[in-house]
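J.: My structure is below; once you've seen it, I'll send some questions.
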Amino acid sequence: MINNTWQLLSEKLIGWGKDLVLFLPNFVAALLLLVIVIIIARFVRNVIRRILTQFISNIPIINYITGVVHYALLLIGFILILSVLQLDKAATSLLAGAGVVGLAIGLAFQNPIKNTVSGFIMSYRDFYRNGDWVETNGYYGFIEKIGIRVTHLHLTSGELVVLPNDAIVTNSFKNISINGKRAVVIKIGISYGDDLEKVEEVVRATIEENIEHIESETPEIYFQEYGDSSINFMVRFWIDKVAEKHYLKVKSDAIKAIKKAFDQNDITIPFPIRTLDFGIKGGQKLDEMLPGDKS
């Protein structure tokens, strides 16, 4: 009885030993493959990081992309290692499970994924940059930070608005800083009795001599309409600093300087005027309405 038991145990141990000897080369190959996969994954991650830094300034976006690539390579290597270890069924089950889980995650996190993709788009396109003054989704301010899923917009009133990246990419977007210069536009009305050519000369000289502007851009003056009590025109000139506070200061200085120049040259900015005429057809003349002797 004891001899039979020992014989069966010996046969089992010998069989396991043979299997271990046969399996040992695959195990060693799997270990070598694991080391190679880790080295390749790190190398590819570093190369991609260096390439992305030349096109993307957003560090969180770069970390996100390189992280996804790194773990994707490790997953591929893990599946190859299972194949080397002759665990093909486990590898097939893992791939099938990963597909189902990926589909479930994609459906559950549809909006976050859209915002993340939009963050990638914003990170490498030139008209989305930190510090730019923009108008989007009904808000006006400067971009404080472009994140992976959201963008921080600092408004002129001091509030901080957090906008989903997808809302910025898919909706209308105005970038005031994109060209590195900004137009200052002032609308003015002058009296019908003033000489328009003189007005134009005075305004242009005032801007060129007293107000900060890009010298290569000549101030533009356009008369636009005959108003109720004035001839209306606009003056436009350019500055090379687009920050809102600086823009408002230059515009304020220009308005004060133009008003002072008008006063010195007897140019009138009229008040609204209404002429009452009671002598129209069907009406009564004003002198007939006044009391007194009509003889």
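J.: Considering only segment 135-181, how many residues are in contact with a strand residue (DSSP E or B) (Cβ under 7 Å, 6 or more places away or on another chain), closer than 26 Å to N63 by Cα, of a type outside the set (K, R) and surrounded by 14 or more Cβ atoms within 10 Å (Cβ to Cβ)?
T.: Of the residues in that region, 13 qualify.
J.: Also, I was wondering about something else. Here is a list: K260, K285. Which entry is of a type outside the set (A, V, I, L, M) and modelled with pLDDT under 60?
T.: K285
J.: Looking at segment 160-209 only, could you name the residues that are within 33 Å of the chain's Cα centre (by Cα), of a type in the set (D, E, K, R) and farther than 23 Å from A243 by Cα?
T.: D166
J.: Now, a different point. Any residue at all in segment 181-195 that's among the acidic types (D, E) and free of Cβ contacts under 8 Å to residues at least 12 places away in the same chain?
T.: First, the residues of segment 181-195 that are among the acidic types (D, E): 194-195.
Now narrow it down to the ones that are free of Cβ contacts under 8 Å to residues at least 12 places away in the same chain: 195.
Among the residues of segment 181-195, at least one is among the acidic types (D, E) and free of Cβ contacts under 8 Å to residues at least 12 places away in the same chain, which makes the answer yes.
J.: Scan (1) of a type in the set (S, T, N, Q); (2) modelled with pLDDT under 90; (3) closer than 17 Å to K260 by Cα for the single condition T170 breaks and write down its number.
T.: Evaluating T170 over (1) of a type in the set (S, T, N, Q); (2) modelled with pLDDT under 90; (3) closer than 17 Å to K260 by Cα leaves (3) as the failure.
J.: Among the residues in segment 204-226, are any outside any strand (DSSP E or B), touching a helix residue (DSSP H, G or I) at 6+ places or on another chain (Cβ under 8 Å) and basic (K, R)?
T.: Scanning segment 204-226 turns up no residue that is outside any strand (DSSP E or B), touching a helix residue (DSSP H, G or I) at 6+ places or on another chain (Cβ under 8 Å) and basic (K, R).
J.: Next question. Just for strands (runs of 3 or more DSSP E) wholly inside segment 144-186: which have at least 1 residues that are of a type in the set (V, I, T)? I'd like the intermediate steps shown before the answer.
T.: Numbers: elements: 150-155, 160-164, 173-175.
Ranges flagged: 150-155, 160-164.
J.: List every residue pair whose Cβ atoms sit under 9 Å apart, with the two residues 6 or more apart in sequence or on different chains, where the first one lies in segment 35-49 and is closer than 9 Å to L73 by Cβ and the second, anywhere, is surrounded by 13 or more Cβ atoms within 10 Å (Cβ to Cβ) and polar (S, T, N, Q).
T.: V44/T66; R45/T66
Residues checked against (1) on the phi < 0 side of the Ramachandran plot; (2) at pLDDT below 70; (3) out of contact with any Lys or Arg (no Cβ under 9 Å at 6 or more places or on another chain):
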residue	(1), (2), (3)
I51	yes, no, yes
F55	yes, no, yes
I62	yes, no, no
G67	yes, no, no
L73	yes, no, no
G77	yes, no, yes
L94	yes, yes, yes
G97	yes, yes, yes
V101	yes, yes, yes
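The values are calculated or read from the model by the stated rules, or taken from the named source; none is laboratory data. Since the model is a prediction, treat every value here as computed from it, not as a measurement. Neighbour counts are summed over all protein chains in view; Cβ atoms, including those assigned to glycine, are modelled from backbone coordinates with ideal geometry.
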